[in-house]
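Please read the structure below before turning to the comments.
The values are calculated or read from the model by the stated rules, or taken from the named source; none is laboratory data. What you are looking at is a predicted structure, and each value in this text was computed from that prediction instead of being measured. For neighbour counting, all protein chains shown are included, and Cβ atoms are generated from backbone atoms with ideal geometry for every residue, glycine included. Keep in mind that these areas ignore ligands, DNA and RNA; they rest on the heavy atoms of the full protein, side chains included. Shrake-Rupley method; radii C 1.70, N 1.55, O 1.52, S 1.80 Å.
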Amino acid sequence: MEIINRRQRMSSVARKIRREQDRTIGLVPTMGALHEGHLSLVREARRMCDVVVVSVFVNPAQFGPGEDFAHYPRDLTKDTALLTDYNVDYIFAPPIEEIYPKGFSTYVNVEGLSEQLEGTARPGHFRGVATVVTILLNVVRPDFAFFGQKDGQQAIIIRRLVRDLALDSEIIVLPTVREDTGLAMSSRNLYLKPEEQQAAAVIHRALAKAKETYRAGERHGAKLTELVRTMIEAEPRVRLDYVSIMDGETLEKLDKLDERPMMIAVAAYVGKTRLIDNTTLNATKKKDGASAQA
Ligand code: AMP
(Lines give C-alpha, C1' and ligand atoms only; values in the text may rest on other atoms or scores of the structure.)
Protein backbone atom coordinates (compact mmCIF):
# COMPACT_ATOMS: atom_id res chain seq x y z
CA MET A 1 0.00 0.00 0.00
CA GLU A 2 1.18 3.48 -0.83
CA ILE A 3 0.09 6.73 0.78
CA ILE A 4 -0.14 9.49 -1.82
CA ASN A 5 -0.28 13.14 -0.84
CA ARG A 6 0.06 14.89 -4.19
CA ARG A 7 -2.78 15.12 -6.66
CA GLN A 8 -0.44 14.84 -9.65
CA ARG A 9 1.07 11.63 -8.33
CA MET A 10 -2.43 10.24 -7.71
CA SER A 11 -3.51 11.14 -11.25
CA SER A 12 -0.47 9.58 -12.86
CA VAL A 13 -0.67 6.38 -10.81
CA ALA A 14 -4.35 6.01 -11.72
CA ARG A 15 -3.67 6.76 -15.38
CA LYS A 16 -1.06 4.00 -15.51
CA ILE A 17 -3.41 1.50 -13.92
CA ARG A 18 -6.11 2.30 -16.46
CA ARG A 19 -4.00 2.60 -19.58
CA GLU A 20 -1.08 0.28 -19.20
CA GLN A 21 -2.52 -2.35 -16.94
CA ASP A 22 -6.16 -2.19 -18.02
CA ARG A 23 -7.31 -2.76 -14.44
CA THR A 24 -10.46 -1.34 -12.83
CA ILE A 25 -10.25 1.24 -10.05
CA GLY A 26 -12.62 1.68 -7.11
CA LEU A 27 -12.58 4.91 -5.10
CA VAL A 28 -13.91 5.25 -1.56
CA PRO A 29 -13.98 8.93 -0.53
CA THR A 30 -13.87 9.50 3.26
CA MET A 31 -12.96 12.10 5.83
CA GLY A 32 -11.08 9.50 7.89
CA ALA A 33 -11.75 8.45 11.50
CA LEU A 34 -12.75 5.21 9.86
CA HIS A 35 -15.36 2.88 11.30
CA GLU A 36 -17.27 -0.20 10.12
CA GLY A 37 -19.48 1.97 7.88
CA HIS A 38 -16.49 3.13 5.86
CA LEU A 39 -15.00 -0.35 5.92
CA SER A 40 -18.14 -1.87 4.41
CA LEU A 41 -17.56 0.41 1.41
CA VAL A 42 -13.91 -0.62 1.24
CA ARG A 43 -14.88 -4.30 1.36
CA GLU A 44 -17.29 -3.91 -1.55
CA ALA A 45 -14.72 -1.90 -3.52
CA ARG A 46 -12.19 -4.69 -2.91
CA ARG A 47 -14.72 -7.25 -4.13
CA MET A 48 -15.67 -5.34 -7.29
CA CYS A 49 -12.43 -3.68 -8.40
CA ASP A 50 -8.83 -4.63 -9.20
CA VAL A 51 -7.34 -1.58 -7.49
CA VAL A 52 -8.80 0.20 -4.45
CA VAL A 53 -8.10 3.84 -3.60
CA VAL A 54 -9.39 5.29 -0.32
CA SER A 55 -9.22 9.06 0.00
CA VAL A 56 -8.91 10.60 3.44
CA PHE A 57 -9.54 14.33 3.36
CA VAL A 58 -11.37 16.48 5.88
CA ASN A 59 -12.88 18.89 3.39
CA PRO A 60 -12.97 22.44 4.74
CA ALA A 61 -15.40 23.55 2.00
CA GLN A 62 -18.24 21.43 3.38
CA PHE A 63 -18.03 22.82 6.93
CA GLY A 64 -19.83 26.04 7.82
CA PRO A 65 -18.50 28.70 10.16
CA GLY A 66 -18.92 27.51 13.73
CA GLU A 67 -19.05 23.83 12.68
CA ASP A 68 -16.58 21.19 13.84
CA PHE A 69 -13.90 21.41 11.10
CA ALA A 70 -11.11 22.18 13.59
CA HIS A 71 -12.20 19.45 16.00
CA TYR A 72 -13.21 16.79 13.49
CA PRO A 73 -11.48 13.54 14.54
CA ARG A 74 -8.28 12.86 12.59
CA ASP A 75 -6.06 9.80 13.00
CA LEU A 76 -4.30 8.87 9.77
CA THR A 77 -2.01 6.39 11.53
CA LYS A 78 -4.92 4.36 12.82
CA ASP A 79 -6.79 4.69 9.50
CA THR A 80 -3.71 3.47 7.63
CA ALA A 81 -3.41 0.42 9.86
CA LEU A 82 -7.07 -0.47 9.25
CA LEU A 83 -6.80 -0.02 5.50
CA THR A 84 -3.67 -2.16 5.38
CA ASP A 85 -5.72 -4.99 6.90
CA TYR A 86 -8.28 -4.48 4.14
CA ASN A 87 -5.68 -4.79 1.44
CA VAL A 88 -6.23 -1.32 0.05
CA ASP A 89 -3.78 -0.35 -2.68
CA TYR A 90 -3.58 3.43 -2.24
CA ILE A 91 -4.55 5.97 0.37
CA PHE A 92 -4.93 9.43 -1.13
CA ALA A 93 -4.44 11.83 1.79
CA PRO A 94 -3.79 15.26 0.31
CA PRO A 95 -3.09 18.41 2.31
CA ILE A 96 -5.67 21.17 1.80
CA GLU A 97 -3.61 23.10 -0.76
CA GLU A 98 -3.40 20.06 -3.05
CA ILE A 99 -7.19 20.08 -3.40
CA TYR A 100 -7.67 23.84 -3.15
CA PRO A 101 -4.51 25.45 -4.58
CA LYS A 102 -3.95 29.19 -4.19
CA GLY A 103 -6.48 31.10 -6.28
CA PHE A 104 -8.99 28.22 -6.33
CA SER A 105 -12.27 29.64 -7.59
CA THR A 106 -14.38 26.96 -9.28
CA TYR A 107 -17.22 25.35 -7.34
CA VAL A 108 -19.85 22.75 -8.26
CA ASN A 109 -23.40 23.37 -7.13
CA VAL A 110 -26.15 20.82 -7.69
CA GLU A 111 -29.08 23.21 -7.70
CA GLY A 112 -32.39 22.38 -6.08
CA LEU A 113 -31.26 19.18 -4.40
CA SER A 114 -28.69 21.06 -2.32
CA GLU A 115 -30.87 23.69 -0.72
CA GLN A 116 -33.21 21.52 1.31
CA LEU A 117 -32.93 19.33 4.43
CA GLU A 118 -29.23 19.29 5.37
CA GLY A 119 -28.71 22.16 2.92
CA THR A 120 -31.12 24.37 4.87
CA ALA A 121 -29.39 23.67 8.16
CA ARG A 122 -25.91 23.81 6.64
CA PRO A 123 -25.82 26.41 3.83
CA GLY A 124 -22.99 25.72 1.39
CA HIS A 125 -22.43 22.20 2.73
CA PHE A 126 -23.37 20.37 -0.46
CA ARG A 127 -21.52 22.86 -2.63
CA GLY A 128 -18.42 21.82 -0.68
CA VAL A 129 -19.29 18.13 -1.03
CA ALA A 130 -20.07 18.35 -4.76
CA THR A 131 -16.87 20.30 -5.41
CA VAL A 132 -14.55 17.92 -3.58
CA VAL A 133 -16.22 14.82 -5.02
CA THR A 134 -15.85 16.23 -8.54
CA ILE A 135 -12.16 16.90 -7.92
CA LEU A 136 -11.58 13.43 -6.46
CA LEU A 137 -13.42 11.76 -9.35
CA ASN A 138 -11.38 13.78 -11.83
CA VAL A 139 -8.06 13.00 -10.15
CA VAL A 140 -8.64 9.26 -9.75
CA ARG A 141 -11.13 8.65 -12.60
CA PRO A 142 -12.40 5.48 -10.92
CA ASP A 143 -14.64 2.96 -12.66
CA PHE A 144 -16.71 2.81 -9.47
CA ALA A 145 -17.02 5.20 -6.53
CA PHE A 146 -18.59 4.00 -3.28
CA PHE A 147 -20.84 5.99 -0.95
CA GLY A 148 -23.04 5.19 2.06
CA GLN A 149 -26.82 5.40 2.25
CA LYS A 150 -26.21 6.88 5.71
CA ASP A 151 -25.79 10.24 3.95
CA GLY A 152 -28.83 9.72 1.76
CA GLN A 153 -29.19 13.25 0.43
CA GLN A 154 -25.48 13.33 -0.37
CA ALA A 155 -25.78 10.09 -2.36
CA ILE A 156 -28.68 11.53 -4.38
CA ILE A 157 -26.75 14.73 -5.07
CA ILE A 158 -23.64 12.83 -6.18
CA ARG A 159 -25.65 10.62 -8.52
CA ARG A 160 -27.15 13.74 -10.10
CA LEU A 161 -23.78 15.47 -10.35
CA VAL A 162 -22.18 12.50 -12.10
CA ARG A 163 -25.07 12.32 -14.54
CA ASP A 164 -25.23 16.07 -15.23
CA LEU A 165 -21.48 16.54 -15.71
CA ALA A 166 -21.16 13.26 -17.67
CA LEU A 167 -18.46 11.97 -15.35
CA ASP A 168 -17.26 8.51 -16.29
CA SER A 169 -17.65 6.75 -12.93
CA GLU A 170 -20.45 4.55 -11.67
CA ILE A 171 -21.78 5.49 -8.24
CA ILE A 172 -22.46 2.60 -5.87
CA VAL A 173 -24.51 3.32 -2.75
CA LEU A 174 -24.33 0.78 0.07
CA PRO A 175 -26.53 0.19 3.13
CA THR A 176 -26.04 1.98 6.44
CA VAL A 177 -23.96 0.06 8.97
CA ARG A 178 -25.31 0.34 12.52
CA GLU A 179 -24.28 -0.24 16.11
CA ASP A 180 -26.08 -3.08 17.91
CA THR A 181 -28.48 -0.46 19.29
CA GLY A 182 -29.43 0.56 15.74
CA LEU A 183 -27.57 3.88 15.90
CA ALA A 184 -26.04 4.60 12.50
CA MET A 185 -22.25 4.51 12.74
CA SER A 186 -20.69 7.93 12.29
CA SER A 187 -17.34 9.51 13.04
CA ARG A 188 -19.33 12.10 15.02
CA ASN A 189 -20.60 9.40 17.42
CA LEU A 190 -17.17 9.85 19.06
CA TYR A 191 -18.53 13.13 20.42
CA LEU A 192 -21.32 11.30 22.32
CA LYS A 193 -21.19 9.93 25.85
CA PRO A 194 -22.34 6.30 26.18
CA GLU A 195 -25.74 7.33 27.56
CA GLU A 196 -26.16 9.77 24.68
CA GLN A 197 -25.33 7.04 22.16
CA GLN A 198 -27.95 4.88 23.80
CA ALA A 199 -30.52 7.69 23.64
CA ALA A 200 -29.69 8.45 19.99
CA ALA A 201 -30.73 4.93 19.02
CA VAL A 202 -34.33 6.19 19.17
CA ILE A 203 -33.75 7.78 15.75
CA HIS A 204 -33.38 4.42 14.06
CA ARG A 205 -36.18 2.85 16.10
CA ALA A 206 -38.51 5.62 14.94
CA LEU A 207 -37.47 5.27 11.30
CA ALA A 208 -37.83 1.48 11.46
CA LYS A 209 -41.32 1.86 12.95
CA ALA A 210 -42.29 4.27 10.16
CA LYS A 211 -41.04 1.85 7.54
CA GLU A 212 -42.98 -1.00 9.14
CA THR A 213 -46.12 1.17 9.23
CA TYR A 214 -45.66 2.02 5.53
CA ARG A 215 -45.27 -1.66 4.75
CA ALA A 216 -48.47 -2.38 6.67
CA GLY A 217 -50.26 -0.08 4.22
CA GLU A 218 -50.11 3.47 5.60
CA ARG A 219 -49.85 5.89 2.64
CA HIS A 220 -50.40 9.18 4.42
CA GLY A 221 -46.96 10.84 4.75
CA ALA A 222 -47.97 13.09 7.65
CA LYS A 223 -48.98 10.05 9.70
CA LEU A 224 -45.49 8.59 9.32
CA THR A 225 -43.64 11.84 10.03
CA GLU A 226 -45.84 12.39 13.08
CA LEU A 227 -45.03 8.90 14.33
CA VAL A 228 -41.30 9.56 13.96
CA ARG A 229 -41.60 12.98 15.62
CA THR A 230 -43.56 11.60 18.60
CA MET A 231 -41.12 8.76 19.21
CA ILE A 232 -38.06 11.01 19.02
CA GLU A 233 -39.57 13.78 21.10
CA ALA A 234 -40.26 11.26 23.85
CA GLU A 235 -36.48 10.91 24.33
CA PRO A 236 -35.35 13.98 26.31
CA ARG A 237 -31.67 13.76 25.25
CA VAL A 238 -32.55 13.99 21.55
CA ARG A 239 -33.79 17.18 19.89
CA LEU A 240 -35.41 16.65 16.49
CA ASP A 241 -34.49 19.11 13.75
CA TYR A 242 -36.52 17.67 10.86
CA VAL A 243 -38.23 14.57 9.64
CA SER A 244 -39.21 14.49 6.00
CA ILE A 245 -40.48 11.99 3.43
CA MET A 246 -39.23 12.51 -0.08
CA ASP A 247 -39.01 11.06 -3.55
CA GLY A 248 -35.82 8.98 -3.61
CA GLU A 249 -34.44 10.73 -6.68
CA THR A 250 -35.79 14.27 -6.83
CA LEU A 251 -36.15 14.86 -3.06
CA GLU A 252 -39.61 16.27 -3.76
CA LYS A 253 -41.51 16.29 -0.45
CA LEU A 254 -44.37 13.81 -0.51
CA ASP A 255 -47.53 13.51 1.47
CA LYS A 256 -49.48 10.96 -0.56
CA LEU A 257 -47.12 8.01 -0.61
CA ASP A 258 -47.04 5.46 -3.40
CA GLU A 259 -44.84 2.60 -4.55
CA ARG A 260 -41.90 4.62 -5.91
CA PRO A 261 -38.47 4.63 -4.18
CA MET A 262 -38.70 7.12 -1.30
CA MET A 263 -36.62 8.16 1.68
CA ILE A 264 -37.60 9.20 5.19
CA ALA A 265 -34.82 11.43 6.53
CA VAL A 266 -34.19 12.68 10.04
CA ALA A 267 -31.74 15.16 11.56
CA ALA A 268 -31.51 15.56 15.30
CA TYR A 269 -29.21 17.03 17.90
CA VAL A 270 -27.82 15.20 20.88
CA GLY A 271 -26.18 17.96 22.88
CA LYS A 272 -24.30 19.97 20.24
CA THR A 273 -23.82 16.97 17.96
CA ARG A 274 -25.93 16.86 14.84
CA LEU A 275 -26.88 13.35 13.75
CA ILE A 276 -28.58 12.32 10.51
CA ASP A 277 -30.17 9.07 9.51
CA ASN A 278 -32.72 7.81 7.02
CA THR A 279 -34.58 4.80 5.83
CA THR A 280 -35.53 3.96 2.27
CA LEU A 281 -38.91 2.74 1.05
CA ASN A 282 -39.02 0.57 -2.08
CA ALA A 283 -35.27 0.88 -2.74
CA THR A 284 -34.39 -0.84 -5.99
CA LYS A 285 -32.27 -3.94 -5.54
CA LYS A 286 -29.09 -4.03 -7.59
CA LYS A 287 -28.33 -7.04 -9.75
CA ASP A 288 -25.48 -8.26 -7.55
CA GLY A 289 -27.62 -8.24 -4.45
CA ALA A 290 -26.34 -5.00 -2.93
CA SER A 291 -29.07 -2.49 -2.23
CA ALA A 292 -29.49 0.80 -0.51
CA GLN A 293 -31.90 -0.60 2.07
CA ALA A 294 -31.17 0.95 5.41
P1 AMP B 1 -17.47 10.52 5.87
O2 AMP B 1 -16.11 10.09 6.29
O3 AMP B 1 -18.41 10.77 6.99
O4 AMP B 1 -17.43 11.62 4.84
O5 AMP B 1 -18.09 9.27 5.11
C6 AMP B 1 -17.45 8.70 4.00
C7 AMP B 1 -18.39 7.73 3.33
O8 AMP B 1 -18.76 6.71 4.25
C9 AMP B 1 -19.70 8.42 2.86
O10 AMP B 1 -20.06 7.88 1.61
C11 AMP B 1 -20.66 8.00 3.94
O12 AMP B 1 -22.00 7.96 3.49
C13 AMP B 1 -20.16 6.61 4.28
N14 AMP B 1 -20.62 6.22 5.62
C15 AMP B 1 -20.50 6.94 6.76
N16 AMP B 1 -21.10 6.29 7.78
C17 AMP B 1 -21.64 5.15 7.25
C18 AMP B 1 -22.38 4.07 7.81
N19 AMP B 1 -22.73 4.02 9.07
N20 AMP B 1 -22.75 3.08 6.96
C21 AMP B 1 -22.43 3.12 5.65
N22 AMP B 1 -21.72 4.11 5.08
C23 AMP B 1 -21.33 5.11 5.87
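Odds and ends about this structure:
- When Thr120, Thr106, Thr80 are screened for being open to solvent by less than 50 Å² (accessible area, probe 1.4 Å) and among the hydroxyl-bearing types (Ser, Thr, Tyr), only Thr80 passes.
- Glu259 being outside any helix (DSSP H, G or I) and closer than 30 Å to Gly112 by Cβ: yes
- Whichever residue in the range 83-100 is of a type in the set (A, V, I, L, M, F, W, C) and out of contact with any strand residue (DSSP E or B) (no Cβ under 8 Å at 6 or more places or on another chain) and, among such residues, is surrounded by the fewest Cβ atoms within 10 Å (Cβ to Cβ): Ile96
- The residue list Val52, Val13 contains one member that is aliphatic (A, V, I, L, M), in contact with a Gly (Cβ under 7 Å, 6 or more places away or on another chain) and either outside any helix (DSSP H, G or I) or assigned by TED's automatic domain parsing to the domain that holds Phe144 (or both), which is Val52.
- Tally of residues being away from the ligand (no atom under 15 Å from the Cβ) and either polar (S, T, N, Q) or out of contact with any Phe, Trp or Tyr (no Cβ under 9 Å at 6 or more places or on another chain) (or both) across the range 33-52: 2
- Positions within the range 1-32 being within 16 Å of the ligand (Cβ to nearest atom) and open to solvent by 20 Å² or more (accessible area, probe 1.4 Å), in sequence order: Pro29, Met31
Every residue, every condition in (1) in contact with a helix residue (DSSP H, G or I) (Cβ under 9 Å, 6 or more places away or on another chain); (2) over 23 Å from Arg47 (Cβ atoms); (3) within 15 Å of the ligand (Cβ to nearest atom), yes or no:
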{"residue": "Leu82", "(1), (2), (3)": "yes, no, yes"}
{"residue": "Ile91", "(1), (2), (3)": "yes, no, yes"}
{"residue": "Pro95", "(1), (2), (3)": "no, yes, no"}
{"residue": "Glu111", "(1), (2), (3)": "no, yes, no"}
{"residue": "Glu118", "(1), (2), (3)": "yes, yes, yes"}
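- So Ile203, is it open to solvent by less than 50 Å² (accessible area, probe 1.4 Å) and out of contact with any Ser or Thr (no Cβ under 6 Å at 6 or more places or on another chain): yes
- Subset of the range 126-146 that is surrounded by fewer than 21 Cβ atoms within 10 Å (Cβ to Cβ) and within 14 Å of the ligand (Cβ to nearest atom) - its residue that is nearest to Gly37 (Cα to Cα): Phe144
- From the options Leu227, Leu161, residue that is in contact (Cβ under 8 Å) with a residue 12 or more places away in the chain and within 23 Å of Phe63 (Cα to Cα): Leu161
- Where a residue in the range 3-26 is under 17 Å from Ser55 (Cα atoms) and its partner, wherever it lies, is small (Gly, Ala, Ser), with Cβ under 8 Å and at least six apart: Ile3/Ala93; Ile4/Ala93; Asn5/Ala93; Ile25/Ala14; Gly26/Ala45; Gly26/Ala145
- Lone qualifier among Val140, Val177, Val162, Val202 - being β-branched (Val, Ile, Thr), more than 23 Å from Ser40 (Cα to Cα) and at pLDDT 95 or above: Val202
- Single residue of the range 165-188 satisfying the filter (of a type outside the set (Val, Ile, Thr), without any contact (Cβ under 8 Å) to a residue 24 or more places away in the chain and surrounded by fewer than 17 Cβ atoms within 10 Å (Cβ to Cβ)) that is nearest to the ligand (Cβ to nearest atom): Asp180
- Hits in the range 10-55 (condition: touching a Pro at 6+ places or on another chain (Cβ under 7 Å) and either over 14 Å from Asp89 (Cα atoms) or at pLDDT below 95 (or both)): Ala33
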